[in-house]
Amino acid sequence: MQKKLDEFAIGETGVVKAVGGEGKIKRRLFDMGITPGAEILLRKKAPLGDPIEITIRGYELTLRKTEAQFVNMEVKK
Amino acid sequence: MMRFALAGNPNSGKTTLFNGLTGSTAHVGNWPGVTVDKRDGLYKKCAEPISIIDLPGIYSLSPYTPEEVIARNYILDEKPDCVINIIDATNLERNLYLTTQIMEIDVPVVIALNMMDAVVKQGDAIDEKALEKKLGVPVVAISALKGEGLAELMERAYSTSKTPRLGKTVLEHGALAHLITDVKIALDGPGVENPLFHAVKLAEEDELEVNAHKDTVKMVEEFKKTFKDDTFGDDFEALIADARYKYISDNFSSVITKKNKEKFASTKSDKADKVLTHKIWGIPIFLVVLFAIFHLTFSEDFLYLGKIFGLPSLDDLGIDTEAFGGQLLACFYDGAVFSPGVIINNLWNNIIVEYAFGWLVNIIAESGMSVWAVGLLNDGIIEGLKAVLSFLPPILVLFLFFSILEDSGYMARIAFILDRMFRKFGLSGRAFLPMIMGFGCSVPAMINTRTLADDKERAATIRVIPFFSCGAKLPILTAVAGAIVAFFGVGNADLITYGMYLLGIVSAILAVLFMRNTSLKGETPPFIMELPAYHAPQFKNLMIHLWDKTKHFVKKAFTIIVASTIVIWVLSHFSFSWGFLEDEEINQSILAQISMLVQPIFTPLGFGSQLGEFGWVFVVAAISGLIAKENVIATFATLAACLAAVASLDISTLDITAEEGIDAVQAMIMATGIGIPGLIAFIAFNMTTIPCFAAVGTAKAELMNNKSYRGTLLFWIISSFIVAAAVYTIGSWWWTLFIWAAAVILTAWCVISYNKKAKEKLDNQKLG
């Protein structure tokens, strides 16, 4: 099943399919390791529901939902 | 001299390595044009001394952030003899991403594999030899924290730097290999330096490169027309980033042996994080931490021991606080135990600085110089020096705490927790701490805005920091509020004080909203940020942090504080005919004359022309408050004595020298007949206008350019007039509230519709 990273629930994992967005944000997402094929675990959400915290390539990364919506994911069962 | 540059990801231990290599020789400044720290120092244990340059911490060499541009320009243009790329061994994959980019530049590279001890502790292993073989450059395992492996690292860097190295790319077998080779040859022909690096960046259509090589970029455009990738289309920037990560995971996963095979294993740091960023407890825990910091720094009743046990004051105990022993004791205790921050502050200001300058003041006073010269030296210059020095304790103590928060990794979590709330005002979660620090002292608060990535966001934050009423403004609040209650017999002093704090916060929010939509407009910067693993802060690093910040403050703020203190002293002690005046003759001073002249412009604020003959006293007090806000009330006391002499003001029932200043303010009320709205407007004016010179000097040092600095001064003047005028008019005629509300709504509407139009125009241009 495919969905966007900002729609993930806590504890859900998946694989990056594609990354969209404009130059600056997309490049930043790529630079931080969010590239197709990378595995992501949604670790938690901030007390107000946004931003989110993910584990990727063995480290913790935080991003806002507005940025996470550019990341298309294949959900892992 | 040979120069080695240190490059690496943030949180990779780069600063620790730098400190370990250079010891106390580090020199801190700013990179030209930006407020990113520039540090360099000397390494002396090699065959020849080597200058070490600490480049900003970066994840990539993209053209999008100032840090990245600085780092790449330094390596390309300044041509260091060697680049030491420090890598966090616990996070090899992402750290090597930067390495693959640095390796494309024609410069000798050595890899410092840091935190190997942490890898071993986790039960994992990394094969350094295999890593070295695969990368083709020397790899040295080090522990920056323990100082292990540094000598070997430098020896190998030293010998490596002797042989030039040509750039190498991991993209040589990918889909873009041909394009990159062709562009490289095209660049190499006319003798462009670092052809490979530029070729790769051109293929990425990196803005900086496209502008520099307008002809060659056509090759990329031609190639693009014939090229289509299934996943990325013709987005070469994405394709290249992906190819780098693919190369890393294909080639280097064999280098690491992991004990725990599970991909998302839970660590100790995760457990701590679960509590500290908890859905419900996260925010309360943060508030407790914040309260603890303020309590430890500023509280004069540590742990409320004084209140709980009803401890006696030194006077009650019959201890003479004038004698040295009593003075010393009074630094620690007086009716309550002081918190560590207050004790340090007292020891420094009341003992060390006081005694160090005390004998000098005496020598000057008894030197037989003319009265005005003694006054200039003692009350002008020495007071100015003391003003600079008096800010050191709060800066040091607050920074100690905030460096601990930063180093431990908690600061990043605070930004994570609060980002949502602050985005509404066009700021990121990181802006919260500097603002709240403003309640203690604006100076360290402004310095701390360095954690903000965006320059416009920083400028907006620096401007509103003084609205968060600092410790030195509290005496104005309590004295005026106390006088209102004592003289008019209405209201509640605590309530007035509290209300003024609230007014400051509301003004700050409105001002930020306004600026972020007009003069300091900018997109909220992206918030894609690493959350570093928690770890205990290192004592040595903390001390180096503190030393850097203190040095920066003294160097930058020193001149402006001392110079302005002297100017104000001269203005208040000389008449226009250059006759020297005693304190009590302040009414004849240049300052008073100027104040009388400008008095009418304060009429809408309630302390202008309507106050008649002596209305200028409030202007004089506000101006002397620029030296330090404590001066406002002290000036009232001086003025009261002066008016008693020249205007036969009857102050016999008042004690104008009382420390709280309530009676001094009452004398001003008697002399001028000012009303409650005018008095409250006066407080509001002092709260939101140009802060003390120390804060002004810090703002100048921290803002990126002079234009922004002048804009900041103008902002403070305008906002204080607006806020005070609103307070006065609403206080005098309640129905003007509706006029002010309408004005705010109208302004908001104008800004919103203007921005909408501008955006439509921009969109049309893009389409057209």
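Every number in this text was worked out from the coordinates using simple rules, so none of it is lab data. Here the structure is a predicted model, which is why all the values come from computation and not from measurement. Virtual Cβ from ideal backbone geometry, glycine too; neighbours counted across all protein chains shown.
Just the number, please: Stokes-Einstein D of the stretch B:28-118 in µm²/s, Kirkwood Rh from C-alpha pairs, 10 °C, 1.306 mPa s. Approximately 111 µm²/s, per Stokes-Einstein.
Seen from every direction in turn and averaged, the convex hull around the alpha carbons of chain B projects onto 41.2 nm². For B:THR461, what is the net charge nearby, where nearby means another residue's Cβ is under 13 Å from its Cβ and Lys, Arg count +1, Asp, Glu -1? Net of charged neighbours comes to +2. Relative to the dominant Cα principal axis of chain B, helix B:474-488 is inclined by about 30°. The loop-placed GluC sites (Glu not before Pro) in the stretch A:20-77, going by DSSP, that have at most 10 neighbouring Cβ atoms within 10 Å of their Cβ come out as A:GLU22.
Distance between the 7 Å Cα→Cβ label points at B:GLN765 and B:TYR304: 5.9 nm. Measuring between their Cα centroids, the stretch A:58-77 and the stretch B:695-768 lie 37 Å from each other.
For the stretch B:2-160, the relative contact order works out to 24 percent when only alpha carbon pairs closer than 8 Å and six or more residues apart are counted. Considering only B:GLY57, B:ASN11, B:TYR43, the residue lying farthest towards the positive end of the dipole of the stretch B:2-160 is B:TYR43, judged by Cα position with unit charges set on Cβ. Scaled against the 2.2 N^0.38 Å expected of a compact globular protein of N residues, the Cα radius of gyration of the stretch B:240-392 reads 1.91.
Between the amide H of B:ASN30 and those of B:LYS38, distances stay under 5 Å, these residues lying 5 or more places away or on another chain, with hydrogens modeled in the peptide plane. Cα-based values for the stretch B:583-660, radius of gyration first and Dmax second, are 12.3, 33 Å. Using the rule -39500 (n - 2.57) for each DSSP H run of four or more residues, divided by the residues of the protein assembly as shown, the 222 nm mean residue ellipticity is -16500 deg cm²/dmol.
Neighbour counting of Cβ atoms within 10 Å sorts the residues B:ILE690, B:ILE283, fewest neighbours leading, into B:ILE283, B:ILE690.
Relative contact order for the stretch B:580-710: 24 percent, from Cα pairs under 8 Å spaced at least 6 residues apart, divided by residue count. The spread of Cα positions in the stretch B:1-48, taken along each principal axis and listed from longest to shortest, comes to 35, 23, 18 Å. If a/c stays under 1.5 just call it rounded; otherwise compare a/b with b/c (prolate if a/b is bigger, oblate if not). Do that for the stretch B:425-487, with a ≥ b ≥ c from the square roots of the Cα gyration tensor eigenvalues. It is prolate, given that a/c is not under 1.5 and a/b is the larger ratio.
Stokes-Einstein diffusion coefficient for the stretch B:609-768 at 20 °C in a medium of 1.002 mPa s, Rh from the Kirkwood formula over Cα pairs: what value in µm²/s?
115
Here's how it looks for A:MET73: its modeled amide H is under 5 Å from those of A:LYS3, A:LYS4, A:LEU5, A:LYS17, which are all 5 or more places away or on a different chain. Rg/Rh for the stretch B:185-243 stands at 0.98; both radii use Cα atoms, and Rh follows the Kirkwood definition. Each 10 Å bin from 0 upward holds the following percent of the Cα-Cα pairs of the stretch A:2-75: 22, 62, 16.
Histogrammed with a bin width of 10 Å, the alpha carbon distances of the stretch B:210-310 distribute as 10, 17, 16, 16, 17, 13, 7, 3, 0 percent, first bin at zero.
Normalising the Debye intensity of the protein assembly as shown to I(0), with uniform scatterers on Cα atoms only, and taking log10 at q = 0.04, 0.05, 0.09, 0.11 Å⁻¹ returns -0.22, -0.34, -0.99, -1.31. The smallest convex shape that holds all Cα atoms of the stretch B:2-160, its convex hull, gives 105 Å³ per residue.
Of all DSSP beta bridges confined to chain B, the antiparallel ones make up roughly 45%. Not counting the cut sites, what is the longest span of chain B without chymotrypsin sites (Phe, Trp or Tyr not before Pro) that DSSP labels loop and that have at most 10 other Cβ atoms within 10 Å? Looking at chain B, B:1-575 is the longest stretch - no exposed chymotrypsin sites (Phe, Trp or Tyr not before Pro) with at most 10 other Cβ atoms within 10 Å. Full extension of the segment from B:LYS279 to B:ASN30, taken as 0.36 nm per residue of separation minus the current Cα-Cα distance, would add 85.7 nm.
Across chain B, the relative contact order, built from alpha-carbon pairs under 8 Å that are at least six residues apart, equals 9 percent. Along each principal axis, taking the top coordinate minus the bottom one, the Cα set of the stretch B:472-556 gives 56, 37, 31 Å in descending order. Measuring between their Cα centroids, the stretch B:613-669 and the stretch B:499-538 lie 38 Å from each other.
From the C-alpha coordinates alone, can you work out the Kirkwood hydrodynamic radius of the stretch B:684-753, in Å?
Averaging 1/r across every pair of different Cα atoms and inverting gives 13.9 Å.
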